[in-house]
Amino acid sequence: MSIQPLPGERRPRPRIETLADLVFGLSLSIGAIGLIASAPTTQSEINSHIYAFGFTFLVLITAWIIYTTYMSVLPGEVRAITFLNVALLLLVALIPYL
């Protein structure tokens, strides 16, 4: 028997959501480190690096917002949802390397 939270009350975060936040944060950090890994020599290279990071940032933040919105309304985690979460997190972790 589980106690359902009241409509305005916050529920405890499952571990998969905490892992997802960690992966999204690390992915953004790796992308930012990639900006300083290879020093651009011209203004056009600087601009292209910033545009690429900005695009990656928008994709990751949008995915994170959608993810947290959907996960906050799901009643519980089942095997299929956990598998899809892991697949999503793998794709998110690969984004900075593309």
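The values are calculated or read from the model by the stated rules, or taken from the named source; none is laboratory data. Computed from a predicted model, the values in this text were never measured in an experiment. Reconstructed Cβ throughout: ideal geometry from the backbone, glycine too, with neighbour counts over all protein chains shown.
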Checklist outcome for this item: In the stretch 27-53, anything modelled with pLDDT under 85 and not aliphatic (A, V, I, L, M) is listed as S27, S29, G31, G34, S38, P40, T41, H49, F53
Checklist entry - Given the conditions (1) under 30 Å from S38 (Cα atoms); (2) more than 10 Å from the chain's Cα centre (by Cα); (3) β-branched (V, I, T); (4) at pLDDT below 80, and given that V92 satisfies all but one, which numbered condition is not satisfied? => result (2)
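Looking at this structure, is T56 more than 9 Å from the chain's Cα centre (by Cα), in a loop (DSSP other than H, G, I, E, B) and modelled with pLDDT of 80 or more?
Values: more than 9 Å from the chain's Cα centre (by Cα): yes; in a loop (DSSP other than H, G, I, E, B): no; modelled with pLDDT of 80 or more: yes.
Answer is no for this residue.
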Item to check | Neighbours by Cβ (under 6 Å, 6+ apart or cross-chain): first from the stretch 22-40, closer than 12 Å to F57 by Cβ and surrounded by 11 or more Cβ atoms within 10 Å (Cβ to Cβ); second at pLDDT below 80 and of a type in the set (G, A, S) | outcome: S27/A93
Next on the checklist: Considering only the stretch 59-69, I want to know if a residue exists there that is at pLDDT 80 or above, surrounded by 11 or more Cβ atoms within 10 Å (Cβ to Cβ), among the hydroxyl-bearing types (S, T, Y) and part of a helix (DSSP H, G or I).
Outcome noted: no
